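Engineer: Can you read through this structure? Questions will come right after.
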Amino acid sequence: GQIIHLADYRQTDFVLERVDLTFELDPTETKVEARLIFHRREGVDPAAPLVLDGDELVMTGLLFDQMEMDAARYDASPDSLTIRDLPATEPFEITITTQINPEANTQLMGLYRTNGIYCTQCEAEGFRRITYFPDRPDVLAVYTVNIIADKASCPLLLSNGNFLGGAGYGEGKHFAAWFDPHPKPSYLFALVAGDLGVVEDTFTTMSGREVALKIYVEHGKEPRAAYAMDALKRSMKWDEEVFGCEYDLDIFMIVAVSDFNMGAMENKGLNVFNDKYVLADPETATDQDYANIEAIIAHEYFHNWTGNRVTCRDWFQLCLKEGLTVYRDHEFSADQRSRAVKRIAEVRHLKSEQFPEDAGPLAHPVRPTKYREINNFYTTTVYEKGSEVTRMIATILGRDGFKKGMDLYFERHDGDAATIEDFVKCFEDANGVDLSQFSLWYSQAGTPLVSISSSYDQAKGDFTLSLEQMIPPTPGQAAKDPMHIPLRFGLLLADGSEAAPGAINGAEVTGDVLHLKERRQTVTFSGIASRPVVSLNRGFSAPVNLHFEQASADLAHIARHDDDLFARWQALNDLALPSLVAAARKARAGEPVETNPVLADTLIAIAGDETLEPAFRAQALALPSESDIARELGSNNDPDAIRAGREAVLAFVANRDPAVFTALFAGHRTEGAFTPDAASAGHRALRNAALAYLAVSDGTPAHAADAFAAADNMTDLSAALTVLAHRFPDAPETAKALEAFRARFADNALVIDKWFSIQSTIPGEGALARVKGLMESPHFNKSNPNRVRALVGTFAFSNPTGFNRADGEGYRFLAGQILEIDPKNPQLAARILTSMRSWRALEEVRSDHARNALRSIAAGEKLSSDVSDIVERMLK
Ligand code: HT7
Ligand code: ZN
């Protein structure tokens, strides 16, 4: 594929006025008739042809104003349709008939069949696999959709908008008509047809309209959709209360399908979900599953305003809808649960996924300026860093200023296909501020590094911070300008209270936010009576790396006393990382590992502090991961040494005071019927964190085997199974538990995915053989994306020692898998391949093997543009 540049954007020559679609569904020969009414845009050359996008299309008919089109006036190929000699000003109608094969559509883009259900996925460029169309997000039109299908196998016929009516259609067929009054881009089109069960409810909007809510799932699974329905109603209410956004159709539908490339899709009025993010009950879903369902239901619902009512002008603006909507779903979950614990989970995720992307060959700005394959830009940078950029706008402007900007955005751009500039301008205009320097966050890739030193002058009562920012070079961007970095801070005194400085010089400070804007800045706080400990980047107000050599005692002070819970966790993390890095270095050199006792004692004190919420204590107990340590080390990494060092530190903590973990494990059992609320989940998280330490100090599988036998919910059951499998892979107890789990859940594929993932992340050399063995299991299905992600994806992304074997077998295995998956599902193949994005940071032997494996992929025949784009960028 060729490279598309943001700078080349121009409007279409023709305006699309109306779309009428008729589908005659058939598993292998579906007929699609598209009636499109266009007119030439004012000022456009009257000779300019109409060029429509297609992808693997077969055209079986073409009419112009209902008359057969003269063959001399058009050229059709599978990927485009060009029509000439069109009217200069007046509207005209083009009717295109295509024939498509949903059964053979293994890419899961366009119209496909999954478990007998017809369903569509059109974002980003799937609509062009259904019919020829101006398939770009700035072409908005009103759609009418007629669906004709076999009545017995497809009693349900759904599309966007409101139901117009339906009737029999002869020969065992029936039809249904839908009309969506809201102009929309083609990527939000959806059609679903099949035989599904339904869960129904209603929601009364803030202006008193009743909306029918329907969640469609496979027959028999209806009870497992109750939590999703509850999350949907809470989302609808929250969006009214917090953003003033009211739902705008008579019906809102969600359909759960088992073959899906991503999490879910926000089609107007008809969201389609990966069933993993809809179905839950205590026996089969973990607390994490419940939290994910709540977040993704909210995310897709929130797109109704941020994405659908205001959409993107072009795909470069993807973060306009995604970054903003992730920010909105984060805020929603924070309001539904514990804000600090939610923020800790977000930052862990950001650091473990986005920071590596930003530091490697796939780094790109939140708003990229070029792409070859848009599917490859649904990245953690666009989504999660995009959300952080939105959060910084809120931090800089404050709650009210942010709200004013959002209100103006909806007022000004409802019905538009907008840009990031439009978005930022709303905040500027609503608040009378200039965000031009801030906007570098959209255009400069790479995680800024802020280096800090401090000094205190007792005689003068002055505390001084020297800050310096550096934005590392990224592909295509060697030199960068200094950015506007909003750092929340507090100055903690010895008694845990906060100093209130008399004057602050050297930086703009608004409230508790210090605005770092220059490359170097020295900030002096006067009137400070004793040496303070600075707590910086509270709440992770800016997505940056901080280099600040704070003494262990100072970090322990923050960890014990900061009134910002997030800052306490961050201090613990900052205390742990140097120990873990030092441990990895020692392990690499074959030397004994020493652990900082301040770390162990602080961790244990927090774990045992009953005044703190259990979920927070569980987060505190989770040491930085192997990939966190790898990132901190930066280069020449040996995953085996990293793990060995981390294991030594973990063992030191586990053995420091095992009684604390015994007490936590015994004291946080949740009694009574399971509820997925955050408080109960917190008790389970703390208890299971304690179990993991107990298994280390005790050295036997006994605790975990007992916990497995006693578990009455999936959170506890899978946590116990993980401890057994990861700590005691060869124990008979583990084999027994794995088989019991498999047998019990053999007919629930989503639970079997957990069984795959737990085994594929067993550390060490044996993992690859285990994964290969599991691929032969009758439960594995290489054409289902959830199965492939659970087994192959989890192995490559989340098993550092197993995947990065020194002999390179892990990379060669992955290369083989990528080449096998690519012809069937290029998006899935490309995404799993990004697991190798940090290959250059590996030590030489491994990085040589990794390079060779990547080269073997690059040499593959007929690679998709998805995979070739990723592999070429990774090798550049
Ligand atoms: N907006 C949706 C993105 C999406 C997608 C993109 C490419 C290929 C398949 C896809 N399925 C869903 C999901 C979201 O961010 O809400
Ligand atoms: Zn989204």
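The values are calculated or read from the model by the stated rules, or taken from the named source; none is laboratory data. All of these numbers come straight from a predicted model, not from anything done at the bench. Cβ coordinates were reconstructed from backbone atoms using ideal geometry, including for glycine residues, and neighbour counts include every protein chain displayed.
Engineer: Given the criterion in a helix (DSSP H, G or I) and either under 22 Å from Y371 (Cα atoms) or in contact with a strand residue (DSSP E or B) (Cβ under 9 Å, 6 or more places away or on another chain) (or both), identify the matching residue among Q288, Q317.
Structural biologist: Working: Q288 fails: either under 22 Å from Y371 (Cα atoms) or in contact with a strand residue (DSSP E or B) (Cβ under 9 Å, 6 or more places away or on another chain) (or both).
The match here is Q317.
Engineer: Now for a separate question. Scan region 479-491 and give yes if some residue there is under 22 Å from I558 (Cα atoms), more than 32 Å from the chain's Cα centre (by Cα), crowded, with 17+ Cβ neighbours inside 10 Å and modelled with pLDDT under 95, otherwise no.
Structural biologist: No, there is no match, as no residue in region 479-491 is under 22 Å from I558 (Cα atoms), more than 32 Å from the chain's Cα centre (by Cα), crowded, with 17+ Cβ neighbours inside 10 Å and modelled with pLDDT under 95.
Engineer: Given the conditions (1) of a type in the set (A, V, I, L, M); (2) farther than 30 Å from D150 by Cα; (3) surrounded by 17 or more Cβ atoms within 10 Å (Cβ to Cβ), which single one is not true for V19?
Structural biologist: Result: V19 fails condition (2) only.
Engineer: Against the conditions (1) free of Cβ contacts under 8 Å to residues at least 12 places away in the same chain; (2) in contact with a strand residue (DSSP E or B) (Cβ under 8 Å, 6 or more places away or on another chain); (3) within 25 Å of H182 (Cα to Cα), where does R10 fall short? Just the number, please.
Structural biologist: All conditions are met except number (2).
Engineer: Against the conditions (1) touching a strand residue (DSSP E or B) at 6+ places or on another chain (Cβ under 7 Å); (2) surrounded by fewer than 21 Cβ atoms within 10 Å (Cβ to Cβ), where does G244 fall short? Just the number, please.
Structural biologist: For G244, the exception is condition (1).
Engineer: Based on this model, can you work out whether L81 counts as on the phi > 0 side of the Ramachandran plot, outside any helix (DSSP H, G or I), away from ligand 2 (no atom under 16 Å from the Cβ) and crowded, with 20+ Cβ neighbours inside 10 Å? Break it down stepwise before answering.
Structural biologist: Values: on the phi > 0 side of the Ramachandran plot: no; outside any helix (DSSP H, G or I): yes; away from ligand 2 (no atom under 16 Å from the Cβ): yes; crowded, with 20+ Cβ neighbours inside 10 Å: yes.
Criteria not met by L81.
Engineer: OK, next. Under the condition of being part of a loop (DSSP other than H, G, I, E, B) and within 15 Å of ligand 2 (Cβ to nearest atom), which residue from region 260-280 is surrounded by the most Cβ atoms within 10 Å (Cβ to Cβ)?
Structural biologist: Just the residues of region 260-280 that are part of a loop (DSSP other than H, G, I, E, B), to begin with: 260-263, 266-269, 278-280.
Among the residues that remain, those that are also within 15 Å of ligand 2 (Cβ to nearest atom) are: 260-263, 266-268.
Working: F260: 23, N261: 20, M262: 19, G263: 14, E266: 23, N267: 28, K268: 26.
Residue satisfying both the conditions and the ranking: N267.
Engineer: Out of the residues in region 101-116 that are within 16 Å of ligand 1 (Cβ to nearest atom) and more than 12 Å from T28 (Cα to Cα), which is surrounded by the fewest Cβ atoms within 10 Å (Cβ to Cβ)?
Structural biologist: Of everything passing the filter in region 101-116, T106 is surrounded by the fewest Cβ atoms within 10 Å (Cβ to Cβ).
Okay, residues lined up against (1) within 15 Å of ligand 2 (Cβ to nearest atom); (2) hydrophobic (A, V, I, L, M, F, W, C); (3) surrounded by fewer than 24 Cβ atoms within 10 Å (Cβ to Cβ):
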position	(1), (2), (3)
T306	yes, no, no
L320	yes, yes, no
D329	yes, no, yes
A334	no, yes, yes
E346	no, no, yes
L350	no, yes, yes
G360	no, no, yes
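Engineer: Of (1) surrounded by 21 or more Cβ atoms within 10 Å (Cβ to Cβ); (2) more than 16 Å from ligand 1 (Cβ to nearest atom), N375 satisfies all except one. Which?
Structural biologist: With respect to (1) surrounded by 21 or more Cβ atoms within 10 Å (Cβ to Cβ); (2) more than 16 Å from ligand 1 (Cβ to nearest atom), N375 is out only on (2).
Engineer: Got a number for residues in region 378-393 being part of a helix (DSSP H, G or I), more than 11 Å from ligand 2 (Cβ to nearest atom) and either without any contact (Cβ under 8 Å) to a residue 40 or more places away in the chain or within 11 Å of the chain's Cα centre (by Cα) (or both)?
Structural biologist: Filtering region 378-393 down to residues part of a helix (DSSP H, G or I) leaves 380-393.
If we keep only those that are more than 11 Å from ligand 2 (Cβ to nearest atom) too, we end up with 380-381, 384-385, 388-393.
If we keep only those that are either without any contact (Cβ under 8 Å) to a residue 40 or more places away in the chain or within 11 Å of the chain's Cα centre (by Cα) (or both) as well, we get 380-381, 384-385.
So the answer is 4.
Engineer: Here's another thing I want to ask about it. Do we have T675 as more than 22 Å from Q759 (Cα to Cα), more than 27 Å from the chain's Cα centre (by Cα) and assigned to a loop (DSSP other than H, G, I, E, B) here?
Structural biologist: Details: more than 22 Å from Q759 (Cα to Cα): yes; more than 27 Å from the chain's Cα centre (by Cα): no; assigned to a loop (DSSP other than H, G, I, E, B): yes.
No; evaluated as a whole, the condition is false for this residue.
Engineer: Is there any pair linking a residue in region 107-136 that is more than 20 Å from T95 (Cα to Cα) to one that is modelled with pLDDT under 95 and within 16 Å of ligand 2 (Cβ to nearest atom), with Cβ under 7 Å and at least six apart or on different chains, and which?
Structural biologist: Once the first residue is more than 20 Å from T95 (Cα to Cα) and sits in region 107-136, no partner that is modelled with pLDDT under 95 and within 16 Å of ligand 2 (Cβ to nearest atom) comes close enough.
Engineer: Something else about it: Going by the structure shown, is Y327 among the aromatic types (F, W, Y) and away from ligand 1 (no atom under 11 Å from the Cβ)? Spell out the reasoning first.
Structural biologist: Values: among the aromatic types (F, W, Y): yes; away from ligand 1 (no atom under 11 Å from the Cβ): yes.
Taking the combined requirement at face value, the residue satisfies it.
To keep it simple, each residue is scored yes or no on (1) surrounded by fewer than 22 Cβ atoms within 10 Å (Cβ to Cβ); (2) closer than 30 Å to S835 by Cα; (3) touching a Pro at 6+ places or on another chain (Cβ under 8 Å).
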{"site": "R391", "(1), (2), (3)": "no, yes, no"}
{"site": "D400", "(1), (2), (3)": "yes, no, no"}
{"site": "G405", "(1), (2), (3)": "no, no, no"}
{"site": "E411", "(1), (2), (3)": "yes, no, no"}
{"site": "G415", "(1), (2), (3)": "yes, no, yes"}
{"site": "D422", "(1), (2), (3)": "yes, no, no"}
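Engineer: For S535, work out the one condition from (1) surrounded by 20 or more Cβ atoms within 10 Å (Cβ to Cβ); (2) touching a strand residue (DSSP E or B) at 6+ places or on another chain (Cβ under 9 Å); (3) assigned to a loop (DSSP other than H, G, I, E, B) it doesn't fulfil.
Structural biologist: The failed condition is (3).
Engineer: Sticking with this one: So which residues in region 447-479 are touching a residue at least 12 places away in the same chain (Cβ under 8 Å) and among the acidic types (D, E)?
Structural biologist: D462, E468
Engineer: If the requirement is being in a loop (DSSP other than H, G, I, E, B), surrounded by 14 or more Cβ atoms within 10 Å (Cβ to Cβ) and at pLDDT 95 or above, which of these qualifies: D55, D45? First the steps, then the outcome.
Structural biologist: On the way: D45 fails: surrounded by 14 or more Cβ atoms within 10 Å (Cβ to Cβ).
From the options D55, D45, the qualifying one is D55.
Engineer: Now for a different question. State which residue pairs qualify: first residue in contact (Cβ under 8 Å) with a residue 24 or more places away in the chain and under 30 Å from I4 (Cα atoms) and inside region 317-346, second residue of a type in the set (S, T, N, Q) and assigned to a loop (DSSP other than H, G, I, E, B) in any location, beta carbons under 6 Å apart, and separation of 6 or more residues or different chains.
Structural biologist: Cβ pairs passing all conditions: Q317/T419.
Engineer: Determine whether Q817 is among the polar types (S, T, N, Q), free of Cβ contacts under 8 Å to residues at least 40 places away in the same chain, under 22 Å from F260 (Cα atoms) and buried (at least 19 other Cβ atoms within 10 Å of the Cβ).
Structural biologist: Yes.
Engineer: A follow-up question, please. Can you pull out every residue in region 423-469 that is assigned to a strand (DSSP E or B) and either within 23 Å of V310 (Cα to Cα) or β-branched (V, I, T) (or both)?
Structural biologist: If we filter region 423-469 for residues that are assigned to a strand (DSSP E or B), which is where we start, we get 449-457, 462-469.
Those that are assigned to a strand (DSSP E or B) and either within 23 Å of V310 (Cα to Cα) or β-branched (V, I, T) (or both): V450, I452, T464.
Engineer: A follow-up question, please. Just checking: which of the helices (runs of 4 or more DSSP H) contained wholly in region 760-828 hold 2 or more residues that are within 30 Å of G1 (Cα to Cα)? Working first, answer last.
Structural biologist: Numbers: elements: 767-775, 785-788, 794-798, 800-803, 809-821.
Because the criterion is at least 2 residues that are within 30 Å of G1 (Cα to Cα), the helices (runs of 4 or more DSSP H) in region 760-828 that meet it are 785-788, 794-798, 809-821.
Engineer: Filter region 829-850 down to residues that are more than 16 Å from ligand 2 (Cβ to nearest atom), under 27 Å from the mean Cα position of the chain (by Cα) and assigned to a helix (DSSP H, G or I), then give me how many there are.
Structural biologist: Counting residues in region 829-850 that are more than 16 Å from ligand 2 (Cβ to nearest atom), under 27 Å from the mean Cα position of the chain (by Cα) and assigned to a helix (DSSP H, G or I) gives 11.
Engineer: Kindly list, by first and then second residue, each pair from a residue in region 251-273 that is among the basic types (K, R) to a residue that is outside any strand (DSSP E or B) and more than 16 Å from ligand 2 (Cβ to nearest atom), limited to pairs with Cβ atoms under 6 Å and residues at least 6 apart or on different chains.
Structural biologist: What qualifies is K268/N160.
Engineer: Given (1) out of contact with any helix residue (DSSP H, G or I) (no Cβ under 7 Å at 6 or more places or on another chain); (2) farther than 28 Å from L81 by Cα, identify the lone condition not met by I147.
Structural biologist: (2)
Engineer: Looking at region 539-546, is at least one residue buried (at least 18 other Cβ atoms within 10 Å of the Cβ), more than 23 Å from V660 (Cα to Cα) and touching an Asp or Glu at 6+ places or on another chain (Cβ under 7 Å)?
Structural biologist: yes
Engineer: Among the residues of region 57-106, how many are among the hydroxyl-bearing types (S, T, Y) and out of contact with any Leu (no Cβ under 8 Å at 6 or more places or on another chain)?
Structural biologist: Within region 57-106, the subset among the hydroxyl-bearing types (S, T, Y) is 60, 74, 77, 80, 82, 89, 95, 97-98, 106.
Those left that are additionally out of contact with any Leu (no Cβ under 8 Å at 6 or more places or on another chain): 60, 77, 89, 106.
Residues in region 57-106 being among the hydroxyl-bearing types (S, T, Y) and out of contact with any Leu (no Cβ under 8 Å at 6 or more places or on another chain): 4 in total.
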